[in-house]
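First up is the structure itself, then whatever we jot down about it.
The values are calculated or read from the model by the stated rules, or taken from the named source; none is laboratory data. Please read all numbers here as calculations on a predicted model, not as lab measurements. Backbone-built Cβ (ideal geometry, glycine too); neighbour counts: all protein chains shown. Accessible surface areas use protein heavy atoms only, side chains included; no ligands, DNA or RNA. Shrake-Rupley method; radii C 1.70, N 1.55, O 1.52, S 1.80 Å.
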Amino acid sequence: GMLVHPTVSERGTTLYDYVKAYYEANGINAGIHPVSRLDRNTSGLVIFAKEPVVQHWLSQQQVEKEYLALACGRFERSEGIIEAPIARKEGSIIERCIDYERGKYAKTAYEVLAAYSSCTLLKVRLFTGRTHQIRVHLASIGHPLVNDNLYGTPGPQARHALHAYRLAFKHPVSDVFLEITRSLPNDLLKLLY
């Protein structure tokens, strides 16, 4: 339920603000340069760089991003790739849609990890980073995220079932390959049972 960046209407309660407070509390004299972002209601891993040059170096490489998603319905295939261009939906500043004329190229791969009575747990890998990409792509094939009130069933629901669980990249200074993972949070684990 938290934005990554402060906005005109929302300051003091963003991830950026919490990182800033952490720096201040621990005497860290460094910048706060976001490398990756998440939608407000997506949980999981985000990268911040302490120096702008490191942010630039990381933006020049393909950071591997994988998510765990709980999608509505059961999938016929155990894996697949969705390649469909995404654009802002006409008349909306938030919602996105598949648009073959105006959209930007987007590629998402998925793998079924477990099937339940009315939903499926997926591992999802992004090859591009369009706004709402996983949400739009899964909805476009008839499997919106559980509790996604923008691309699935409208209404006042809990947050959508999407979690950034793995980031992997080569450290731009040490050249060491880093792989960072974070398991599903409790609120999403409860949806599995």
Of all trypsin sites (Lys or Arg not before Pro) in region 1-77, the ones in DSSP coil with at most 12 other Cβ atoms within 10 Å are 11, 40, 77
With R₀ set to 25 angstrom, the calculated FRET efficiency between the beta-carbons of residue 187 and residue 74, to the nearest 0.05, is 0.65
Residue-normalised value, i.e. accessible area per residue, for the chain at 1.4 Å probe, in Å², stands at 58 Å²
Surpassing 29 Å at the alpha-carbon level, of the pairs 104/190; 89/190; 20/65, are 104/190; 89/190
Ordering 75, 127 by the accessible surface of their heavy atoms, 1.4 Å probe, largest first, yields 127, 75
Other residues with Cβ under 14 Å from the Cβ of residue 179 give, with Lys and Arg +1 and Asp and Glu -1, a net charge of +3
Residue span residue 7 to residue 141: 0.36 nm per residue of separation minus Cα-Cα distance leaves a gain in nm of 45.0 nm
Note: probe point = Cα of residue 116 + 7 Å toward Cβ; backbone nitrogen < 11 Å; residues of region 137-175 passing the test are 146-147, 161
Using a 1.4 Å probe on heavy atoms of the protein chains only, the accessible area for residue 175 in Å², nearest 10, reads 100 Å²
Computed, not fitted: 222 nm per-residue ellipticity of the chain from DSSP H runs ≥ 4 (each -39500 (n - 2.57)), nearest 500, equal to -4000 deg cm²/dmol
Looks like region 61-193, by Cα gyration tensor root eigenvalues a ≥ b ≥ c and the a/c under 1.5 rounded cutoff (else prolate when a/b is bigger than b/c, oblate otherwise), is oblate
Here the longest stretch of the chain that holds no GluC sites (Glu not before Pro) in a DSSP loop having at most 10 other beta carbon atoms within 10 Å is 102-193
Restricting to Cα pairs under 8 Å and 6 or more apart, the percent relative contact order of the chain works out to 20 percent
For residue 170 and residue 51, extending 7 Å from Cα along the Cα-Cβ vector and measuring point to point gives, in nm, a value of 1.8 nm
Heavy-atom accessible area with a 1.4 angstrom probe orders 53, 173, 46, 136, most exposed first, as 173, 53, 46, 136
Quick calc of log₁₀ I(q)/I(0), region 122-184, Debye, one scatterer on every Cα, no solvent, q values 0.15, 0.27, 0.30 1/Å, result -0.58, -1.20, -1.30
Rounded to the nearest Å, the spacing of the alpha-carbon centers of region 66-83 and region 134-186 is 12 Å
Packing-ranked peptide list from 54-60, 25-31, highest mean Cβ count within 10 angstrom first, is 54-60, 25-31
